[in-house]
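Here is the structure we will look at.
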Amino acid sequence: MDFALSDTERAIRDTARDFIAREVMPLEPELLRRERAHRPGLEPDELRELQLKARAFGFWGLATPEAYGGMDLPAVTQSLIWTEIGRSYVPFRFGGEADNILFRANDAQKREFLVPTIEGERRSCFAITEPGAGSDAANIRLNARRDGGDWVLNGEKTFITGGNEADFAIVIAVTDREKGARNGGATAFLVDRAMGWRSEFIQTMGEGGPAALVFDDVRVPERNILGEPGQGFALAMEWIGKGRYTIPSHAVGIAERALRMAIDHATTRQTFGRPIGDNQAIQWMIADSETELEAARWLILRAAWTVDQGMDPRHASSMAKLYGAGMVNRVVDRVLQIHGGMGYTRELPVERWYRQVRLYRIFEGTDEMQRLIIARDLLRGYTRLGGHLA
Ligand SMILES: Cc1cc2nc3c(=O)[nH]c(=O)nc-3n(C[C@H](O)[C@H](O)[C@H](O)COP(=O)(O)OP(=O)(O)OC[C@H]3O[C@@H](n4cnc5c(N)ncnc54)[C@H](O)[C@@H]3O)c2cc1C
């Protein structure tokens with residue numbers, strides 16, 4: 001058994017780490033200043049400028065095939081890079097990416113939607129959640145009715161990340177109510193904003209926020225169906241699958257950075273004439289955080305490795321998402337506690353992380369949905385105890 005990174009993995013990880021430290025982290029004080037003034041911490045053109053700088057370093061399209069100018073990295077390497085991104089609280093991500101399911105587009109759609117998204121010329125959003133259907137995604141109601149050569153969409157989506165900024169939406173709509181969404185009754189549509197959908201920003205406890213999308217007789221041509229009619233639910237599950245290891249990978253970066261801050265604070269902050277880190281109460285918080293962080297790291301890398309092996313990653317990814325999201329919430333909570341009153345202020349990023357990571361237990365499958373998947377796999381005998389070593 002070998003727990004070491006390969007030379008290539010290490011080299012790519014270290015280059016990403018250098019880039020984040022040199023180009024992204026210096027923006028952090030200004031980010032906090034702007035957000036304290038209730039302004040966006042990072043403007044879209046600033047993000048774009050950073051992404052183009054990274055492109056010059058060869059970082060462009062971590063998951064994007066080389067034919068589209070990307071790096072086409074294995075999932076393990078992508079996971080390592082998402083951890084590096086998580087070390088900075090500047091909401092940076094490398095450019096050259098597109099929603100994984102856009103690669104299922106036909107040639108004409110690739111020219112119209114995929115390539116401009118990769119190049120950063122068009123912005124997408126992915127919409128399945130509705131006011132009446134979140135965890136129970138198969139219960140979606142947004143309806144697509146055939147009318148001549150077009151489809152007419154009516155209904156509402158909600159909590160759509162990037163929905164207020166997107167130029168087009170990948171919308172999962174019901175095309176055959178009899179069959180039901182899960183059994184071939186849902187279809188994915190590529191819907192330009194110009195076709196008439198509206199978006200309304202939703203305030204959340206995090207910085208930035210998602211949007212509600214309203215479809216009121218929005219006419220979409222047949223050629224804008226993504227994949228095959230009836231394949232919408234499967235495409236949606238494929239889209240969600242990716243986040244199940246990238247979200248917790250990001251969480252590991254956040255937890256490491258936060259824990260580093262807590263350790264530094266514990267060695268410098270004095271009470272009753274000695275550093276607070278001399279107290280067992282503080283030491284236990286540090287020890288538990290490091291232990292959980294290490295456990296999450298290996299669960300997540302194993303999930304990513306499962307993807308690279310071409311094995312079904314769902315079970316491992318659900319455990320990685322469940323544990324990684326919980327871990328970062330527990331670690332950030334302890335880090336805030338170790339910082340005392342300062343942890344609660346907006347002078348430090350700790351309260352920002354506290355608000356940000358709460359989402360990780362909710363979106364792209366709540367804790368409860370991950371538990372449901374893990375338990376169901378075991379109860380039905382689909383997965384054996386002991387994972388791939390069993
Ligand atoms: C900031 C943000 C960004 C998002 N981005 C997107 C996006 O880009 N695209 C998109 O389509 N969606 C997006 N979502 C939606 C997100 O995926 C859903 O909020 C999530 O799946 C939960 O659905 P819900 O909010 O309807 O909660 P519900 O499904 O109503 O669940 C409420 C609670 O009940 C629990 N619960 C539900 N059913 C069960 C059960 N059977 N057993 C036990 N517990 C259960 C849930 O775990 C949860 O705790 C986003 C959400 C947020 C907050």
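Are there any helices (runs of 4 or more DSSP H) wholly within segment 262-366 with 3 or more residues that are touching a residue at least 12 places away in the same chain (Cβ under 8 Å) and within 24 Å of the chain's Cα centre (by Cα), and if so which?
Working: elements: 280-308, 314-338, 341-344, 350-358.
Fully inside segment 262-366 and qualifying: 280-308, 314-338, 350-358.
Looking only at residues in segment 143-166 that are in contact with a Leu (Cβ under 8 Å, 6 or more places away or on another chain) and within 11 Å of the ligand (Cβ to nearest atom), which one is farthest from residue 370 (Cα to Cα)?
Filtering first and then ranking leaves 163.
Does segment 114-126 include one or more residues that are within 16 Å of the ligand (Cβ to nearest atom), touching a residue at least 40 places away in the same chain (Cβ under 8 Å) and more than 17 Å from residue 169 (Cα to Cα)?
Restricting attention to segment 114-126, the residues satisfying the condition of being within 16 Å of the ligand (Cβ to nearest atom) are 117, 123-126.
Then drop every residue that is not touching a residue at least 40 places away in the same chain (Cβ under 8 Å), which leaves 123-126.
After this cut, where a residue has to be more than 17 Å from residue 169 (Cα to Cα) as well, the list is none.
For segment 114-126, residues within 16 Å of the ligand (Cβ to nearest atom), touching a residue at least 40 places away in the same chain (Cβ under 8 Å) and more than 17 Å from residue 169 (Cα to Cα): absent.
Within segment 207-236, how many residues turn out to be within 12 Å of the ligand (Cβ to nearest atom) and open to solvent by 30 Å² or more (accessible area, probe 1.4 Å)?
Within segment 207-236, residues that are within 12 Å of the ligand (Cβ to nearest atom) and open to solvent by 30 Å² or more (accessible area, probe 1.4 Å) number 2.
Evaluate segment 45-55: report whether one residue or more is open to solvent by less than 20 Å² (accessible area, probe 1.4 Å), in contact with a helix residue (DSSP H, G or I) (Cβ under 7 Å, 6 or more places away or on another chain), free of Cβ contacts under 8 Å to residues at least 60 places away in the same chain and not charged (D, E, K, R).
Yes, that holds for at least one residue.
As an exercise: evaluate residue 325 against (1) open to solvent by 40 Å² or more (accessible area, probe 1.4 Å); (2) within 15 Å of the ligand (Cβ to nearest atom); (3) modelled with pLDDT of 95 or more and give the number of the one condition it does not meet.
All conditions are met except number (1).
Applying the selection to segment 190-241, what residues are among the hydrophobic types (A, V, I, L, M, F, W, C) and part of a loop (DSSP other than H, G, I, E, B)?
In the first step, residues of segment 190-241 are kept if they are among the hydrophobic types (A, V, I, L, M, F, W, C); the result is 190-191, 194-195, 197, 201-202, 205, 211-215, 218, 220, 225-226, 233-237, 239-240.
Selection gives 197, 202, 205.
I'd like to check something: does segment 183-206 contain any residue that is acidic (Asp, Glu) and either free of Cβ contacts under 8 Å to residues at least 40 places away in the same chain or away from the ligand (no atom under 16 Å from the Cβ) (or both)? Write out each step before concluding.
Applying the first criterion (acidic (Asp, Glu)) to segment 183-206 yields 192, 200.
Filter once more, so that each one left must be either free of Cβ contacts under 8 Å to residues at least 40 places away in the same chain or away from the ligand (no atom under 16 Å from the Cβ) (or both): 192, 200.
Yes, that holds for at least one residue.
For residue 287, all conditions in the list (1) in contact with a helix residue (DSSP H, G or I) (Cβ under 6 Å, 6 or more places away or on another chain); (2) open to solvent by 10 Å² or more (accessible area, probe 1.4 Å) hold save one; what is the number of the exception?
(1)
For residue 134, state whether it is closer than 16 Å to residue 213 by Cα and either surrounded by 22 or more Cβ atoms within 10 Å (Cβ to Cβ) or within 7 Å of the ligand (Cβ to nearest atom) (or both). Walk me through it before giving the result.
On the way: closer than 16 Å to residue 213 by Cα: yes; either surrounded by 22 or more Cβ atoms within 10 Å (Cβ to Cβ) or within 7 Å of the ligand (Cβ to nearest atom) (or both): yes.
The answer is yes for residue 134.
The values are calculated or read from the model by the stated rules, or taken from the named source; none is laboratory data. Remember, predicted model here, so these are calculated numbers, not experimental data. Cβ atoms come from the backbone with ideal geometry, glycine included; neighbour counts cover every protein chain shown. Only protein heavy atoms, including side chains, enter the accessible area calculation; ligands, DNA and RNA are left aside. Shrake-Rupley method; radii C 1.70, N 1.55, O 1.52, S 1.80 Å.
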